[in-house]
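Visitor: Questions regarding the structure given below will be posed in turn.
Taken together, the values in this text are just the output of simple stated rules run on the coordinates, not laboratory data. Note that this is a predicted model, so its numbers are computed, not measured. Note: ideal-geometry Cβ built from the backbone for every residue, glycine included; neighbour counts use all protein chains shown.
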Amino acid sequence: MKNIKAILIAAIFSVLSSFSFAQGGGLWNFQWDMGFGTGDTKTFVDGAPSFRGASIEGRSFVTDNITLGGRVSWNTFYKDFGRITRTQGTATLTGYNKRYINDIPILFTAHYYFNNATVMPYIGLGVGTYYIETRDQMGIYYLEDKAWHFGLAPEAGVVVPFGNSNTGATVNFRYNTAFKTKDTSAQSWIGISIGISYLF
Amino acid sequence: MKRILKIFVAVIVTGTIFLVSGCYPDSDISVSQTDLVLTRYNDSVDFTKLSTYYMPDTIFPMTDDTSNIKPVEYQQDYLNEIASNMEKMGYQRITSNDTTQIPDVLLIVSAVEVENISVGWWYPYYPGWGWDWYWYWDPGWGWYYPPYYYPSYPYYSTYKTGTLLLEMMNPKDYDVIDGDTVMRVYWHGALNGVLEGSDIKQRTIKGIDQIFEQSPEIKTGN
């Protein structure tokens, strides 16, 4: 089993290394994403954090300190409320409630690096679209909203290469804001990503 | 190159499974968790002034098949439970055929049964791996499993849902709409759930109790 993992990782990195000849340097991040809701997101799932998430990010250096790139990620927020009773006007509904938020941000990113040597701290901004599905399930029925939101994600993070190798660890924090649409409310959460960076 | 292709396919298949199952974790629910109770009252009615009601001794089955005259199973138990709850709410049941005694409200109980069809796709998963979050986070990048991918196969299943409907109306309070006399509904309660398992009777009785528990507004002044 361990061999299969090693082969898979080696194969993925060998594919990625082929890009390094075509571009003027950059990095790839493969990350586990966690989310901590704020605002309406927090209210909807009653503060339940998300540990289901992943992201892939590519960045390319345009100057010594600045990269431009893109990021695609996914997070699921979920809360099992159990059997609840909710009232709206003169109507009252009792049932087993589960709520979900699935978000898929697709962002263009720009980053500035304070130090291009061994440890690379950076700040950045993502701008793009957030595809968000919210589902409010009672029994076998659910209400679902699906929308493409415009959104922003300021972030700060660091890449720490492993010795002299071109792989490293990455940690970053970002504040995701998906602005409200005509029919759906704004969603926002603090994202923490931990993963592997591959520098080329 | 072949290996890369295999990895690519594995990643795509795994990704698809995430999108189908991972996005809605734990979305399966037990039969009793399907039970829903919905009640609604008419806020222009002063329930404290009501006192008597009439309820037929039959639960009306509402079905497309009019030749089906099979009574609702356990109907007497359900009607007894409703009557006992109505009594707690302060209503007095009129059971006689004495037409001079007109009840303040009618309580009609009916049942609807609906056949539902569910179609979807099963994704067989790698044995030994559950759908918990750690499945796709493993420090060794375990989430590229399964190393072999399996074809998905479709499933088709049918299930029945049932609704027990209670409607409270006043025979003296009606509107005439297009020549039809339509009684105003003062209050209604509905219990909906999947009709499966051995505890349908127990679930229904619990649901009837919930209907009244969440309707304190209909209490009379008695």
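Visitor: Keeping to pairs on different chains or 8 or more places apart, tell me how many lysine pairs in chain A have Cα atoms under 25 Å apart.
Guide: 13
Visitor: If you don't mind, another one. Under a no-solvent Debye model with one identical scatterer per Cα of region A:148-200, what's log10 I(q)/I(0) at q = 0.28 Å⁻¹?
Guide: Scattering profile of region A:148-200, log10 relative to I(0): -0.98.
Visitor: OK, next. Could you check the spin-label model distance between A:Leu125 and B:Thr58? Points 7 Å from the Cα along Cα→Cβ, value in nm.
Guide: Result: 7.3 nm between the two label points.
Visitor: Round to the nearest 0.05 the FRET efficiency obtained for B:Lys49 and B:Lys206 when R0 = 30 Å and r is the Cβ-Cβ distance.
Guide: About 0.45, to the nearest 0.05.
Visitor: If you take the beta carbon distance between A:Thr38 and A:Gln88 as r and set R0 to 25 Å, what does 1/(1 + (r/R0)^6) give as a FRET efficiency, to the nearest 0.05?
Guide: Taking R0 as 25 Å, the efficiency between A:Thr38 and A:Gln88 is 0.50.
Visitor: Given the convex hull of the Cα atoms of region A:98-164, what is a quarter of its surface area in nm²?
Guide: With every direction weighted equally, the projected area is 6.5 nm².
Visitor: List the equivalent ellipsoid semi-axes of region A:24-199 in whole Å, largest first, each obtained as the square root of 5λ for an eigenvalue λ of the Cα gyration tensor.
Guide: The equivalent ellipsoid of region A:24-199 has semi-axes of 37, 16, 11 Å.
Visitor: With a cap of 15 neighbouring Cβ atoms within 10 Å, and only residues DSSP puts in a loop, list the chymotrypsin sites (Phe, Trp or Tyr not before Pro) found in region A:104-141.
Guide: A:Phe114
Visitor: Based on other C-beta atoms within 10 Å, arrange A:Ile56, A:Ile84 from fewest to most.
Guide: A:Ile84, A:Ile56
Visitor: Measure nothing but the geometry: give the 0 to 90° angle between the long axis through the Cα atoms of A:2-17 and the longest principal axis through the Cα atoms of chain A, rounded to 10°.
Guide: 70 degrees
Visitor: As an exercise, use a Förster radius of 60 Å and the Cβ-Cβ distance of B:Glu115 and A:Asn65 to find the FRET efficiency, rounded to the nearest 0.05.
Guide: 0.40
Visitor: Moving on. Using Cβ counts within 10 Å as a stand-in for footprinting exposure, how do A:Asp183, B:Asp35 rank, fewest first?
Guide: So the ranking, lowest neighbour count to highest, is A:Asp183, B:Asp35.
Visitor: Going by how many other beta carbons lie within 10 Å of each one, how would you line up A:Arg52, A:Arg99, fewest first?
Guide: A:Arg99, A:Arg52
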